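**Student:** First the structure, which I've put down as structure tokens, then a few questions once you've had a look.
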Amino acid sequence: LFPLPVRGSEGLYMVNGPPSFTESTAFQRDSGKNCKAVAFSKDGSLFAWCNGEKVNIVNVTSAELLRSFDLPKAVCLEFSPKNNVLATWQAYTTAKDGTAGTPNLQLHEVKTGKCFKSFIQKKMQNWCPCWADDESICARNVNNEVHFFENNNFNTIANKLHLQKVNDFVLSPGAQPTKVAVYVPGSRGAPSFVRLYQYPNFGGPQSALANKSFFKADKVTMLWNKKATAVLVIASTEVDKTGASYYGEQTLHYIATNGESVVVQLPKNGPIYDVVWNPNSVEFCVVYGFMPAKATVFNLKCDPVFDFGTGPRNAAYYSPHGHVLVLAGFGNLRGQMEVWDVKNYKLISKPVASDSTYFAWCPDGEHIVTATCAPRLRVSNGYKIWHYTGSLLHSYEVPSNEEMWQVSWQPFLDGVFPAKAVKYQAVPSELPSADPKPAQAYRPPALRNKPVTSSKLHEDEPPQNMKPQSGSSDKPLSKTALKNQRKHEAKKAAKQEAKADANQESPQSSASQNAPRSAVPAVTSGDPEVDKKIKNLKKKLKAIEQLKEQAAAGKQLEKNQLEKIQKETALLQELEDLELGL
């Protein structure tokens, strides 16, 4: 039933997912208005929330209360991947006399409920320690070093990764061995860099699996693919020195664990809005460029595979199985979504979820939730559940004096839901289609009774397949090959020209315009130089003839083409002189 927790000013409650969409009776609604945070365990079996008094953990299936912690100020919660630890964070406060405050990051053992370690963690950003998927390693950034703990033993630091100033790090997903991507910002003219290491080999730069340095980076986002073979790094500056964009500047780098690294070349200038890996780990989609934005899928060689053209979009979301891709325009765009079949690159549907601030795929790979949440938007808060074929299955809007802060799906481990064939036919729904009325462009009173003239600020580019066709070779032609190809085509054209000339000889001899040259019999002078000149002159006159026909048909000629036509009499005279001299 995929329960969805809904958190807002109406309290915290669970809604049963498709097909019923009713409120869950198993989970007791928490009506307090102070619910600060919720968290599911990775497998979706446990659910925790803090309500301003306590942090509670329940079993999702039975709704039985398993643990309760007396932490009224907790504002962040997270489970470790195997559900052994619940991490909680509250704002850090110093004592009145200015001495260090109490530790505000606490790690609780879920089984026993005891707090087995607490740390001082001043910043809310990256507050939570990171675990490897099997919990054999846990890491946190402390004073520009990464500290590693093993098997949830937090009393001993098993390893340290010490570089001059580690700003951020990300552990790789999946099985051992765990890899670590670290980012060190540049200083005093030195470039920033991202390095990949394999735990626990941290002995200097030589031990790194890969290294990529770059300028123009105030912050970076590092994205591992699911198979932990490569990282995509979005490097951004706060300010664009050229003044072309108020988003700052972004560049996209690809770094593989085998040491390869490359800058991903994006054909359109402008911001990078979103970058997302396909769950199959061999492709990624980038949404980029000044509006209307382009979206392109690249392979691991960073070559474009499919270009979706341009459109009003700033986000991309692959389904959990990677078989469907949604391109969407949320935030300051109108909420248009394009749902694509990834295998065949065919458009499935184009639903519109206006004013959405949140989007998430259901773990079944079939359903989608979109929501309008406060504080991003404080009006028309609510959520909608869709099928990816475009059908709106359920819609809920909170009363006008209430707010909704969060909604999410219960997670499931990979493999619980098998991948299904992609559907194109919209699934039946009891709700009417959610297509909004197209907004009419403003027309001044003077133009209101006159016919509408459509004027576009820009032409949208159509989608196109970038894969090389099966018949053609993958590699571009070399200079010599291109030269030979051109020669071959020129010879072919000359042959056809000669044939056409032979066919035209007798019937057109009386035609008025062609008379001067086609009436002349093809006689050779015996001097190859003279013959060559005659041939060239005839060729030029033929080109002039074609230009005159184009001008007669109403085509606007270029300046150099008009000059060619003016030279016709001089060329005719020259040809006559040469032929008379035979």
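**Student:** For region 133-225, give the percent of accessible area contributed by carbon and sulfur heavy atoms, probe 1.4 Å, rounded to a whole number.
**Tutor:** In region 133-225, the share of accessible area belonging to carbon and sulfur is 45 percent.
**Student:** Collect residues whose amide H, placed 1.01 Å from N in the peptide plane, falls under 5 Å from the amide H of GLY8; neighbours closer than 5 in sequence don't count.
**Tutor:** Distant-sequence amide H within range of GLY8: TRP405.
**Student:** Distance in nm between label sites at PHE215 and ALA190, each 7 Å beyond Cα in the beta-carbon direction?
**Tutor:** Result: 1.7 nm between the two label points.
**Student:** So if we plug the beta-carbon distance of SER354 and LYS82 into 1/(1 + (r/R0)^6) with R0 = 41 Å, what FRET efficiency do we get, rounded to 0.05?
**Tutor:** Approximately 0.50, to the nearest 0.05.
**Student:** With θ set to phi - 60°, apply the Karplus curve 6.51 cos²θ - 1.76 cosθ + 1.60 along region 27-39 and write out the HN-Hα couplings as whole Hz, x wherever there is a Gly or Pro.
**Tutor:** 8, 6, 4, 9, 7, x, 8, 10, 5, 8, 7, 9, 7
**Student:** When ranked by the protection proxy of mean other Cβ atoms within 10 Å per residue, highest first, what sequence do the peptides 423-430, 287-294 form?
**Tutor:** Sorting 423-430, 287-294 by mean packing, highest first, produces 287-294, 423-430.
**Student:** Right, next: Would you calculate the separation in nanometres between label points at SER45 and ARG443, each defined as 7 Å from the Cα along the Cα-to-beta-carbon direction?
**Tutor:** Here the answer is 6.4 nm between the modelled labels.
**Student:** Here is a further query. Using a 1.4 Å probe on the protein heavy atoms, what percent of the accessible area of region 540-580 belongs to carbon and sulfur?
**Tutor:** 50 percent
**Student:** Can I ask one more? Show me 554-562, 155-163 ranked by packing, highest mean number of other Cβ atoms within 10 Å first.
**Tutor:** Peptide ranking by packing, descending: 155-163, 554-562.
**Student:** What is the sum of charges, Lys and Arg at +1 and Asp and Glu at -1, for the other residues whose Cβ falls under 14 Å from the Cβ of VAL262?
**Tutor:** Spelling it out: positives minus negatives among the neighbours equals 0.
**Student:** Given a 1.4 angstrom probe, I'd like the percentage of the accessible area of region 257-382 that is carbon and sulfur, rounded to a whole number.
**Tutor:** Taking all protein chains in place, region 257-382 shows 50 percent carbon and sulfur surface.
**Student:** Longer than 26 Å from Cα to Cα, which of LYS122/LYS216; LYS226/LYS301; LYS179/LYS219; LYS268/LYS301 are they? Say none if no pair is.
**Tutor:** LYS122/LYS216
**Student:** State in Å² the accessible area per residue of region 255-379; use a 1.4 Å probe, count heavy atoms of protein chains only, and round to the nearest integer.
**Tutor:** Value returned for region 255-379: 36 Å² of accessible area per residue.
**Student:** Can you tell me which of 218-228, 324-334 comes out highest on packing, and rank the rest after it, using the mean Cβ neighbours within 10 Å?
**Tutor:** Highest to lowest by the protection proxy: 324-334, 218-228.
**Student:** Another question about this same structure. Given labels modelled 7 Å from the Cα in the Cβ direction, how far is it in nm from ALA91 to PHE21?
**Tutor:** Once both label points are built, they end up 3.8 nm from each other.
The values are calculated or read from the model by the stated rules, or taken from the named source; none is laboratory data. Computed from a predicted model, the values in this text were never measured in an experiment. Every residue, glycine as well, gets a Cβ built from its backbone with ideal geometry; the counts of neighbours run over all protein chains shown. Remember, those area values only see protein heavy atoms, side chains included, never the ligands or the DNA or RNA. Shrake-Rupley method; radii C 1.70, N 1.55, O 1.52, S 1.80 Å.
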